[in-house]
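Here is the structure we will look at, set down as structure tokens.
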Amino acid sequence: QNAAAKPEPEKEPETAPTPQSPADTAFEVVQMKYGDCLFAEGAVEIMLRAGAAVCIAPDAAQGLSDYTEGKEIYNGESLTKNHMCLIPRGDGRGIMATADSVYIMVRGEYSLVES
């Protein structure tokens, strides 16, 4: 009699996708004080939760994307509380705190320069 052929075991994919850890996708709460500056090191999402802050953008034609409202925030213009904003790359763009106590939520790599 013919023996039933055994199916070949499935092979592991050569390159398995790397799962992101929750820390990679979580927002970090950052407290800033008047004059502190946060600069993007790459693409960074930010949301102003308390206080006041303005956009820092070395190029007058570029700024931060406020994708809650669908508009550009240019150098020196204020961020709106509870609006999700995107700093698209680490080219000198960021935000400066303009209140004594500022809280922001940040996702992505950044540097903080204290005043």
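Structural remarks
- Whichever residue in region 72-95 is more than 22 Å from residue 26 (Cα to Cα) and of a type outside the set (Ser, Thr, Tyr) and, among such residues, is least open to solvent (accessible area, probe 1.4 Å): 73
- Of all residues in region 24-40, those being among the acidic types (Asp, Glu) and either without any contact (Cβ under 8 Å) to a residue 60 or more places away in the chain or surrounded by fewer than 13 Cβ atoms within 10 Å (Cβ to Cβ) (or both) number 2.
- All told, residue 61 meets the bar of being without any contact (Cβ under 8 Å) to a residue 12 or more places away in the chain and not basic (Lys, Arg).
- Selection from region 62-86 of residues that are closer than 17 Å to residue 107 by Cα and touching a Cys at 6+ places or on another chain (Cβ under 9 Å): 64, 65, 66, 67, 68, 79, 85
- Selection count where residues are of a type in the set (Ser, Thr, Tyr) and surrounded by 19 or more Cβ atoms within 10 Å (Cβ to Cβ), scope region 96-115: 1
- Pick from region 68-103, criterion within 11 Å of the chain's Cα centre (by Cα) and outside any loop (DSSP other than H, G, I, E, B), ranking: nearest to residue 34 (Cα to Cα): 94
- Residue under evaluation residue 35, criteria (1) at pLDDT 95 or above; (2) within 16 Å of the chain's Cα centre (by Cα), criterion not met: (2)
- Scanning region 44-71 for residues that are touching a strand residue (DSSP E or B) at 6+ places or on another chain (Cβ under 7 Å) and surrounded by fewer than 16 Cβ atoms within 10 Å (Cβ to Cβ) gives 49, 50, 67, 68.
The values are calculated or read from the model by the stated rules, or taken from the named source; none is laboratory data. This structure is a prediction, so every number in the text was calculated from the model and none was measured. With ideal geometry, Cβ positions are generated from the backbone for all residues, glycine too; neighbour counts draw on all protein chains shown. In case anyone asks, the SASA skips ligands and DNA or RNA and just uses the protein heavy atoms, side chains included. Shrake-Rupley method; radii C 1.70, N 1.55, O 1.52, S 1.80 Å.
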